[in-house]
1. Could you give every pair whose Cβ atoms fall below 9 Å, whose first residue belongs to the stretch 61-80 and is β-branched (Val, Ile, Thr), and whose second residue is open to solvent by 90 Å² or more (accessible area, probe 1.4 Å) and not in a helix (DSSP H, G or I), counting only separations of at least 6 or pairs across chains?
2. I need the full set of residues from the stretch 76-94 which are over 15 Å from residue 295 (Cβ atoms) and either open to solvent by 50 Å² or more (accessible area, probe 1.4 Å) or not hydroxyl-bearing (Ser, Thr, Tyr) (or both), in order please.
3. I need a count of the residues in the stretch 166-193 that are more than 17 Å from residue 135 (Cβ to Cβ) and in a loop (DSSP other than H, G, I, E, B).
4. Considering only the stretch 247-271, how many residues are out of contact with any Asp or Glu (no Cβ under 8 Å at 6 or more places or on another chain) and open to solvent by 20 Å² or more (accessible area, probe 1.4 Å)?
5. Would you mention how many residues in the stretch 95-130 are closer than 20 Å to residue 192 by Cβ and open to solvent by less than 40 Å² (accessible area, probe 1.4 Å)?
6. Sort out which residues of the stretch 140-180 are surrounded by 16 or more Cβ atoms within 10 Å (Cβ to Cβ) and of a type in the set (Asp, Glu), and write them in order of number.
7. Mind checking which pairs have a first residue in the stretch 308-322 that is under 12 Å from residue 276 (Cβ atoms) and a second that is of a type in the set (Gly, Ala, Ser) and surrounded by 12 or more Cβ atoms within 10 Å (Cβ to Cβ), Cβ under 6 Å, 6 or more apart or different chains?
8. Could you identify the single residue in 82, 67 that is of a type outside the set (Phe, Trp, Tyr) and not in a loop (DSSP other than H, G, I, E, B)?
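The values are calculated or read from the model by the stated rules, or taken from the named source; none is laboratory data. Computed from a predicted model, the values in this text were never measured in an experiment. Heads up, the Cβs are rebuilt from the backbone with ideal geometry, glycines too, and the neighbour counts pull from every protein chain shown. Surface areas here come from the heavy atoms of the whole protein model, side chains and all, with no ligands, DNA or RNA. Shrake-Rupley method; radii C 1.70, N 1.55, O 1.52, S 1.80 Å.
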Amino acid sequence: MIDFRYHLVSLIAVFLALAVGIVLGAGPLRDTIGDTLTGQVQDLREDRERLRGELEASEADVTERTTYLEQSAGVLLEGTLTDQSVTVVTVPGTTADDVEAVRDRLAQAGAQVLGEVALTEAWTDPDNLTFRQTFAGQLLGYIDPAPGEDAAVETIFGLALAHALTDAGEDGAPTEDAATLLDLLSSAEAPLVSLTTAPTGPADATVLIGPPDAAPPAPDADPDDTDAAAAVLASYVRLAEALGVVAPAVTVGAAASDLDLVAAVRADAAAAETVTTVDSVGEVTATLSTPLAVAVALSGGQGHFGFLDGAEQAVPPRVELTPPAPEADAGATDPSAEAADPSAEAADPSAEAADPSAEAADAAKTAATGVAAARDAA
């Protein structure tokens, strides 16, 4: 049992230790402790100044490289997409600044950006799944070639949007089915897309832009929410694949984690073989690589460009696209026919030269007729 004497001894021991510490600290250990603390503080100050200098140097290097890339954009991109047209597609979460930066570089490369289409939350909303399944069946009649009977709803919607943005008739205008598809997708009971800038015509290629790095799920996240996020990402992957199946397409986004759009496309076997991707959206490298990647897709090539997982090379190769052949004018004279005309004209003099002999024969025939008439009269 603990009694008063135990407490008294404990208090005496505490005060004794304190007294000893004060005596030692103020006596023989004072200089040693002070010197040690002073040295440690000085070392920390030096480390702080060194790290600050390294940070400032790194920031200066990044700024200089960014400036260099921005100022060299004209040289890198000039004429890359001359006479080509592109329509931009965005998904929820994409930032306006990233979209504007990509559009500016496409225009700088010579492309005509025909419009911008944004997917709405209804594209993946699980609460209207029944409506989307019914609606997908209505779209099938306007998709040519029609997808397989086992095609998922997300695939049907992706193909519908791809045909709506790229199908052109002989006159260069959207086909009737393409116009119908775009109208249905943008004006349904729960519109699946909104026309940020209505496309002015069929595009030669599409660029799908995704959001920046996706936030990882919280440790205590609801499993249902995690599954829903995975389903949304899978839907966007099917869209990217459908865009690439119908026409040349590039997907631009993040690839820092498995939850990012570009990373998911690269990890999907079917999409990875069809879609051209560019990672690091929001960085100047991505905006410069996007027009070059579009040219690669238009040339019939395909690849994954950037610096993150799944990238095959950092910078897309520069591809010189063959300009479209001019349409034949029905009223214009065929050059080959014109080339043949000189010979025809050269033949005309001989025909004209033959005319005097023909006239002489006519005159002789007339004279002979007159002689015969005179003879008969005699």
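1. Short answer, once both residue conditions are applied: 66/283; 80/318; 80/320.
2. At the first step, the residues of the stretch 76-94 found to be over 15 Å from residue 295 (Cβ atoms) are 87-94.
88, 89, 91, 92, 93 - these are the residues of the stretch 76-94 that are over 15 Å from residue 295 (Cβ atoms) and either open to solvent by 50 Å² or more (accessible area, probe 1.4 Å) or not hydroxyl-bearing (Ser, Thr, Tyr) (or both).
3. Taking the stretch 166-193 first, the residues more than 17 Å from residue 135 (Cβ to Cβ) are 166-176, 178-179.
Narrowing further to those that are in a loop (DSSP other than H, G, I, E, B): 167, 169-173, 175.
Looking only at that region, the number is 7.
4. 3
5. Of the stretch 95-130, the ones closer than 20 Å to residue 192 by Cβ are 99, 114-130.
Restricting the remaining residues to those that are open to solvent by less than 40 Å² (accessible area, probe 1.4 Å) gives 99, 114-120, 122-124, 128.
Residues meeting the conditions: 12.
6. 154, 167, 177
7. Short answer, once both residue conditions are applied: 312/303; 316/289; 316/293; 319/295; 319/299.
8. Details: 82 fails: not in a loop (DSSP other than H, G, I, E, B).
Every option except 67 fails the conditions.
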